[in-house]
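A.B. asks: Let me give you the structure first, and then I'll get to my questions.
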Amino acid sequence: APQRGPALTVGEDPRITRLDNKFYMVYCGLKADPGTVYHPQLCLAYSNDLLHWRKLGGIDGNLNRPYNKDGVLFPEVFRGRYFMLHRPWWEGLAHADYAMRIAVSDAPEGSWTDLGEILHSYENPRFKESWVGAGSVPLAIGGGRFLLIYHTGNADAHGQLEYQLDAALVDLNRLSADASQIVLARIEHLMVPETPRELTSTSSLRVQNVL
């Protein structure tokens, strides 16, 4: 299917949300060989049946001006508008400064506008640096409130990684010029890797200590 913007050779991290009787997939598109050059941007595709997909290419709006990934659509329309979590980054940005942000649009296909940061990672004394990114589709709990299950990545001084799951409760009714005001509460270390399958990877990606 036709795509907007430059051709993308590889995709990863798909997250699928059902909206308006369609399934929308936000994923990370890569413009080059991710083994040598990693330049991610957020892309969109949709399907009526989860089998046949139409790729729309890079998301319209201002979200892909820096590199961007970890995009996921909220599962409900709020006050006639659509919302998305995303996490931009650029060369030289410290991991501790990575932040989950929220964006808004009048339609799932865009155009999307960034509204600002909602949360950073906590400092973890066990690790040299930590960072955050979206996880699953937010869970609607009513009245414009959503439960976010997101991931925190950690790296120690030797480069050993650990990925855990954390949670946050957000309320879109509180959205203002300071987007972080939507965060009502957070739970750190909701789940951490403990089982043999979580601690040791058998995949070619060799990502260990992960949830």
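The values are calculated or read from the model by the stated rules, or taken from the named source; none is laboratory data. Note that the structure is predicted; figures quoted are calculated from it, not measured. Cβ coordinates were reconstructed from backbone atoms using ideal geometry, including for glycine residues, and neighbour counts include every protein chain displayed. Side chains are part of the model used for accessible areas, which takes the heavy atoms of the whole protein and leaves out ligands, DNA and RNA. Shrake-Rupley method; radii C 1.70, N 1.55, O 1.52, S 1.80 Å.
A.B. asks: For region 77-97, give me the residue count where each residue is at negative phi, part of a loop (DSSP other than H, G, I, E, B) and either of a type in the set (K, R) or modelled with pLDDT of 95 or more (or both).
C.D. replies: The first filter runs over region 77-97 and keeps only residues at negative phi, leaving 77-78, 81-91, 93-97.
Checking which are part of a loop (DSSP other than H, G, I, E, B) leaves us with 77, 90-91, 93-94.
Within this subset, residues satisfying the condition of being either of a type in the set (K, R) or modelled with pLDDT of 95 or more (or both) are 77.
Number satisfying all stated conditions: 1.
A.B. asks: At pLDDT 95 or above, at negative phi, part of a strand (DSSP E or B) and open to solvent by less than 60 Å² (accessible area, probe 1.4 Å) - does that describe any residue in region 46-58?
C.D. replies: Looking for residues that are at pLDDT 95 or above, at negative phi, part of a strand (DSSP E or B) and open to solvent by less than 60 Å² (accessible area, probe 1.4 Å), one finds at least one in region 46-58, hence yes.
A.B. asks: Pairs, please: C-beta under 7 Å, at least 6 apart or cross-chain, first residue without any contact (Cβ under 8 Å) to a residue 40 or more places away in the chain and more than 16 Å from I102 (Cα to Cα) and in region 139-152, second open to solvent by less than 60 Å² (accessible area, probe 1.4 Å) and of a type in the set (D, E)?
C.D. replies: T152/D166
A.B. asks: I've got another one for you. Give the number of residues within region 116-135 that are among the aromatic types (F, W, Y) and part of a loop (DSSP other than H, G, I, E, B). Step through it out loud before you land on a result.
C.D. replies: Filtering region 116-135 down to residues among the aromatic types (F, W, Y) leaves 122, 127, 131.
Among the residues that remain, those that are also part of a loop (DSSP other than H, G, I, E, B) are: 122, 127.
Selection size over region 116-135: 2.
A.B. asks: Also, I was wondering about something else. Out of G153, G144, which single residue is within 20 Å of the chain's Cα centre (by Cα) and at positive phi?
C.D. replies: Unique residue meeting the criteria: G144.
A.B. asks: Consider region 116-135. How many of its residues are open to solvent by 60 Å² or more (accessible area, probe 1.4 Å) and at pLDDT 95 or above?
C.D. replies: So the count comes out to 1.
A.B. asks: Only one of these conditions is not met by L161: (1) open to solvent by 70 Å² or more (accessible area, probe 1.4 Å); (2) out of contact with any Asp or Glu (no Cβ under 8 Å at 6 or more places or on another chain); (3) hydrophobic (A, V, I, L, M, F, W, C). Which number is it?
C.D. replies: Unmet condition: (1).
A.B. asks: Something else about it: Can you pull out every residue in region 170-196 that is out of contact with any Lys or Arg (no Cβ under 7 Å at 6 or more places or on another chain), open to solvent by 50 Å² or more (accessible area, probe 1.4 Å) and assigned to a helix (DSSP H, G or I)?
C.D. replies: N173, R174, P196
A.B. asks: For region 62-93, enumerate the residues that are closer than 21 Å to S130 by Cβ, open to solvent by 50 Å² or more (accessible area, probe 1.4 Å) and small (G, A, S).
C.D. replies: First, the residues of region 62-93 that are closer than 21 Å to S130 by Cβ: 66-72, 85-93.
Next cut, open to solvent by 50 Å² or more (accessible area, probe 1.4 Å) only: 67, 90-92.
G92 - this is the single residue of region 62-93 that is closer than 21 Å to S130 by Cβ, open to solvent by 50 Å² or more (accessible area, probe 1.4 Å) and small (G, A, S).
A.B. asks: I'm trying to understand the selection: among the residues of region 136-146, which are open to solvent by 50 Å² or more (accessible area, probe 1.4 Å) and outside any loop (DSSP other than H, G, I, E, B)?
C.D. replies: First, the residues of region 136-146 that are open to solvent by 50 Å² or more (accessible area, probe 1.4 Å): 136, 139, 141, 143, 145.
Scanning region 136-146 gives L139, I141, R145.
A.B. asks: Quick check: is even one residue across region 32-44 assigned to a strand (DSSP E or B) and either farther than 18 Å from E12 by Cβ or open to solvent by 50 Å² or more (accessible area, probe 1.4 Å) (or both)?
C.D. replies: no
A.B. asks: Quick check, is I149 modelled with pLDDT of 95 or more, in contact with an Asp or Glu (Cβ under 6 Å, 6 or more places away or on another chain), β-branched (V, I, T) and crowded, with 16+ Cβ neighbours inside 10 Å? Walk me through how you get there before you give the answer.
C.D. replies: Working: modelled with pLDDT of 95 or more: yes; in contact with an Asp or Glu (Cβ under 6 Å, 6 or more places away or on another chain): no; β-branched (V, I, T): yes; crowded, with 16+ Cβ neighbours inside 10 Å: yes.
So I149 fails the test.
A.B. asks: Looking only at region 133-166, filter to residues that are hydrophobic (A, V, I, L, M, F, W, C) and in contact with a Lys or Arg (Cβ under 7 Å, 6 or more places away or on another chain); which one of those is nearest to M191 (Cα to Cα)?
C.D. replies: Among those that are hydrophobic (A, V, I, L, M, F, W, C) and in contact with a Lys or Arg (Cβ under 7 Å, 6 or more places away or on another chain), it is A134.
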